[in-house]
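Worksheet for the structure shown next.
Please treat every number below as a calculation from the coordinates, not as lab data. Note that the structure is predicted; figures quoted are calculated from it, not measured. In this analysis, Cβ positions are derived from the backbone assuming ideal geometry, glycine residues included, and neighbour counts consider all displayed protein chains.
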């Protein structure tokens, strides 16, 4: 796998992630209550985008070496992602303060679009169109 190949695979994720960040910033500064801006919203982007990119990289690597183990690797990755998500959100879930709800709401508003894009990219990777 070349760097160009990897970049072509993750470009939709990077574009969506950038668009989400821009929309998120616009909402924070123009529409949402100030408590949303005061929370550490930027941590969400620093956590989710690299996690998504790393997942695509490793699953693509495993697919290149052993295409039969990709399902198992994806399942292991999803379990790890859930555990890392719980670990990431634990400060806001355990020590509830005025930033807890805004942080959790923002997290899942970013998490789900990235999850859908990640799934789309991985399905495209694992099921390439066959020439007819």
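Once the Cα atoms are used to define both axes, helix 3-30 deviates from the longest principal axis of the chain by about 20 degrees.
Taking packing as the residue-averaged number of other Cβ atoms within 10 angstrom, the listed peptides 39-46, 28-35 run from highest to lowest as 39-46, 28-35. Is the shape of region 10-130 best called rounded, prolate or oblate, per the rule: a/c under 1.5 gives rounded, else a/b larger than b/c gives prolate, else oblate, with a ≥ b ≥ c the square roots of the Cα gyration tensor eigenvalues? Oblate is the answer for region 10-130, as a/c is 1.5 or above yet b/c matches or exceeds a/b.
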